[in-house]
Amino acid sequence: MPVTTGFNHVATLTSSMDRTVTFYEQAFDAAVTFEVPERDDHPWMKILDLGGGAALNVFEVPAEEIIGERRRQGGRGAVDHFGLAVDSLETLRTMPGRLREAGAQEVGEVQQLGDAWSLFFRDPDGMELEVCFAEG
């Protein structure tokens, strides 16, 4: 049995805090729970509650400091992508419209991957992400 209890958070970089936070609020009803103002030794950070004990820690940095090619698997940096869980296949099927309305790019189709259902998309910064529902 694992010592861990599941996903806690993923940290991601953006060149526009407002755009990124607004996207997650609109697409996933995420809520800002904590903020660290920019300091000389730390970039502006907001923590978004994604539900189920999971969080997204968003750091705003200049675009030129975001290393990697976000459109090429294996070249995206240390975090290639992350998956956000939803409670049902029905909820997952509502996500393409929610994502597009919130400004997502390249919203794919809901597809079955083994015992799970999946939908890939890109956030407003071009980062590939996934929304998942696992049966059982």
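The values are calculated or read from the model by the stated rules, or taken from the named source; none is laboratory data. Only a predicted model underlies this, so the values are computations on that prediction, with no experimental measurement involved. Cβ placement follows ideal geometry from the backbone for every residue including glycine, while neighbour counts extend to all protein chains displayed.
Look through segment 78-89, keep the residues that are surrounded by 11 or more Cβ atoms within 10 Å (Cβ to Cβ) and more than 14 Å from the chain's Cα centre (by Cα), and return whichever of them is farthest from Gly51 (Cα to Cα).
Only one residue fits best here, namely Leu89.
Only one of (1) touching a helix residue (DSSP H, G or I) at 6+ places or on another chain (Cβ under 8 Å); (2) closer than 15 Å to Leu50 by Cβ is not met by Val107, so which one is it?
(2)
Does Arg100 satisfy the criteria of being more than 26 Å from Gly6 (Cα to Cα), surrounded by 13 or more Cβ atoms within 10 Å (Cβ to Cβ) and free of Cβ contacts under 8 Å to residues at least 12 places away in the same chain?
yes
Name the residue, out of Leu48, Leu92, that is surrounded by 16 or more Cβ atoms within 10 Å (Cβ to Cβ) and closer than 17 Å to Thr22 by Cα. Please lay out each step first, then the result.
On the way: Leu92 fails: closer than 17 Å to Thr22 by Cα.
When all the criteria are applied, what remains is Leu48.
What number of residues in segment 102-117 are charged (D, E, K, R) and under 16 Å from the mean Cα position of the chain (by Cα)?
Counting residues in segment 102-117 that are charged (D, E, K, R) and under 16 Å from the mean Cα position of the chain (by Cα) gives 1.
Is it true that some residue in segment 54-77 is touching a residue at least 60 places away in the same chain (Cβ under 8 Å), surrounded by 17 or more Cβ atoms within 10 Å (Cβ to Cβ) and touching a Leu at 6+ places or on another chain (Cβ under 6 Å)?
no
Does any residue of segment 82-94 turn out to be among the β-branched types (Val, Ile, Thr), touching a Phe, Trp or Tyr at 6+ places or on another chain (Cβ under 9 Å), more than 17 Å from Phe133 (Cβ to Cβ) and part of a loop (DSSP other than H, G, I, E, B)? Explain how you work it out, then say what you get.
Taking segment 82-94 first, the residues among the β-branched types (Val, Ile, Thr) are 86, 91, 94.
If we keep only those that are touching a Phe, Trp or Tyr at 6+ places or on another chain (Cβ under 9 Å) as well, we get 86, 91.
Now narrow it down to the ones that are more than 17 Å from Phe133 (Cβ to Cβ): none.
So far as segment 82-94 goes, no, none of its residues is among the β-branched types (Val, Ile, Thr), touching a Phe, Trp or Tyr at 6+ places or on another chain (Cβ under 9 Å), more than 17 Å from Phe133 (Cβ to Cβ) and part of a loop (DSSP other than H, G, I, E, B).
Look through segment 103-136, keep the residues that are in a loop (DSSP other than H, G, I, E, B) and at pLDDT below 90, and return whichever of them is surrounded by the most Cβ atoms within 10 Å (Cβ to Cβ).
Among residues in segment 103-136 that are in a loop (DSSP other than H, G, I, E, B) and at pLDDT below 90, the one surrounded by the most Cβ atoms within 10 Å (Cβ to Cβ) is Met127.
What's the number of the only condition in (1) of a type outside the set (Val, Ile, Thr); (2) closer than 15 Å to Arg19 by Cβ; (3) touching a Ser or Thr at 6+ places or on another chain (Cβ under 7 Å) that Leu99 fails to meet?
Result: Leu99 fails condition (3) only.
Six or more apart or on different chains, Cβ atoms under 9 Å: show the pairs whose first residue is in segment 6-35 and surrounded by 15 or more Cβ atoms within 10 Å (Cβ to Cβ) and whose second is among the polar types (S, T, N, Q) and outside any strand (DSSP E or B).
Hits for this filter: Thr12/Thr20; Thr14/Thr20.
Restricting the search to segment 1-36, which residues are over 22 Å from Val79 (Cα atoms), modelled with pLDDT of 95 or more and in a loop (DSSP other than H, G, I, E, B)?
Hit for segment 1-36 is Asp29, nothing else.
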